[in-house]
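Beneath this line is the structure, given in structure tokens, with notes to follow.
The values are calculated or read from the model by the stated rules, or taken from the named source; none is laboratory data. Just so it is clear, the structure is predicted and the values come from calculations on it, not from any experiment. Cβ coordinates were reconstructed from backbone atoms using ideal geometry, including for glycine residues, and neighbour counts include every protein chain displayed. Quick note on the areas: whole protein, heavy atoms, side chains included, nothing else; ligands and nucleic acids left out. Shrake-Rupley method; radii C 1.70, N 1.55, O 1.52, S 1.80 Å.
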Amino acid sequence: MSNNKLPAFAGAAAFAVAVHLLLDHLKSKKSAAPKGSSCEAPANPANRSYLIGGNWKCNTTTSSALSLVSTLNSSGPIPTNCTVVVGVPYPYLSLVRSSLRSDIELAAQDCAHSSKMGAFTGEVNVEQLKDVGCTWVILGHSERRTGFGGDAGETSDLIAGKTLTAVGAGLKVMLCVGETLEERESGKTLAVVKSQLDPVVKVLKASDWGSVAIAYEPVWAIGTGKTATPEMAQETHAEIRSYISTVLGSAVAAKIQIQYGGSMKAANCKALLAQPDIDGGLIGGASLKPEFADVFRGMM
């Protein structure tokens, strides 16, 4: 029998072997992920709980994603009262989870409104995100609210629906809110933030808020190098917490984590995190640099 006329079962057998080798490779990659080195020392003050998120946005390739993972894996201990999460583009979620230290959690940067599988071309649902190791999802980012390439962007009602879907599936949510420069200068900051939070308050139960962090991101400070002063950021964070206390009760308000998302980086994180109502950061451009680790390392 000539080599170019192998029986069908030979091709099937070769395919089965290839699949087996691929699965073994993926298992070995997963087991190769380091456990990390969370330390016994908490961030100061020790009675607070912090959330540091890195949003990679639409950046990285396979090579650069693995380079970032390598940097994080060797970045030293994380305070015991600090949760670190990286928000990774869809194509690299599985790759990052299989190689990233276990004490850093994984977030997607969006999710489908529906939790169902089916005819939703281009969507990625919450069950698929959980399947590749996500425990968090970033929702309502200002870039998605604004839209891309003429897209009208996402409404607060749509974001509320996605938040309900994510929390219902057991994912935790970093829910982004924030105002433009024009809105701030017009004295509308709190009104804008309330209009973004109100639809979420309507669809979630009070107990659901244990799975939600609010990321306040003044739109005018994202990627511009500008940042609100610590005092400006604290003022808005305190207003957000007061609003949550009014609509959901003081117990929910006391526990909810409110991150600052306006160009936080290693150089300004200490002053921001020293404020009583700033419980962490959602960090964009700086999360693509080695200095991202300096944020949580500098908290000890």
Within region 207-232, the residues that are within 22 Å of the chain's Cα centre (by Cα) and either modelled with pLDDT of 95 or more or charged (D, E, K, R) (or both) are Ser207, Asp208, Trp209, Gly210, Ser211, Val212, Ala213, Ile214, Ala215, Tyr216, Glu217, Lys226
Among the numbered conditions (1) open to solvent by 20 Å² or more (accessible area, probe 1.4 Å); (2) within 23 Å of Cys269 (Cβ to Cβ); (3) of a type outside the set (Asp, Glu), tell me where Val177 comes up short. (1)
From the residues in region 249-265 that are surrounded by 14 or more Cβ atoms within 10 Å (Cβ to Cβ) and over 20 Å from the mean Cα position of the chain (by Cα), which one is farthest from Gly178 (Cα to Cα)? Val252
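For region 152-169, give me each residue that is of a type in the set (Gly, Ala, Ser), farther than 16 Å from Ser142 by Cα and open to solvent by 60 Å² or more (accessible area, probe 1.4 Å). First the steps, then the outcome.
Start the filter on region 152-169 by keeping residues that are of a type in the set (Gly, Ala, Ser), which leaves 152-153, 156, 160-161, 166, 168-169.
With the extra rule that they be farther than 16 Å from Ser142 by Cα, the set shrinks to 161, 166, 168-169.
Within region 152-169, Gly168 is the sole residue that qualifies.
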Looking only at region 107-121, and only at residues there that are more than 22 Å from Leu95 (Cβ to Cβ) and not polar (S, T, N, Q), the one that is surrounded by the most Cβ atoms within 10 Å (Cβ to Cβ): His113
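Among the listed residues Lys172, Lys162, identify the single one that is among the basic types (Lys, Arg) and out of contact with any helix residue (DSSP H, G or I) (no Cβ under 8 Å at 6 or more places or on another chain).
Result: Lys162 is the single residue among Lys172, Lys162 that is among the basic types (Lys, Arg) and out of contact with any helix residue (DSSP H, G or I) (no Cβ under 8 Å at 6 or more places or on another chain).
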Looking at this structure, is Ala32 modelled with pLDDT under 95, open to solvent by 10 Å² or more (accessible area, probe 1.4 Å), out of contact with any Gly (no Cβ under 7 Å at 6 or more places or on another chain) and small (Gly, Ala, Ser)? yes
Tell me which of these Gly178 doesn't satisfy, since it passes every other one: (1) closer than 15 Å to Ile138 by Cα; (2) touching a Leu at 6+ places or on another chain (Cβ under 7 Å); (3) of a type outside the set (S, T, N, Q). (2)
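Conditions tested, residue by residue: (1) closer than 28 Å to Ser74 by Cα; (2) out of contact with any helix residue (DSSP H, G or I) (no Cβ under 8 Å at 6 or more places or on another chain); (3) surrounded by fewer than 21 Cβ atoms within 10 Å (Cβ to Cβ).
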| site | (1), (2), (3) |
| --- | --- |
| Pro218 | no, no, no |
| Met232 | no, yes, yes |
| Arg241 | no, no, yes |
| Ile244 | no, no, no |
| Val247 | no, no, yes |
| Ala267 | yes, yes, yes |
| Leu272 | yes, no, no |
| Gly280 | yes, no, no |
| Pro290 | yes, no, yes |
Of the criteria (1) touching a Phe, Trp or Tyr at 6+ places or on another chain (Cβ under 8 Å); (2) open to solvent by less than 10 Å² (accessible area, probe 1.4 Å), which one Val124 fails: (2)
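So that you can scan it fast, the table gives a plain yes or no per residue for (1) touching a Pro at 6+ places or on another chain (Cβ under 6 Å); (2) surrounded by 22 or more Cβ atoms within 10 Å (Cβ to Cβ); (3) of a type in the set (Lys, Arg):
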site: Thr60; (1), (2), (3): no, no, no
site: Ser67; (1), (2), (3): no, no, no
site: Ser75; (1), (2), (3): no, no, no
site: Asn81; (1), (2), (3): yes, no, no
site: Val86; (1), (2), (3): no, yes, no
site: Leu93; (1), (2), (3): no, yes, no
site: Arg101; (1), (2), (3): yes, no, yes
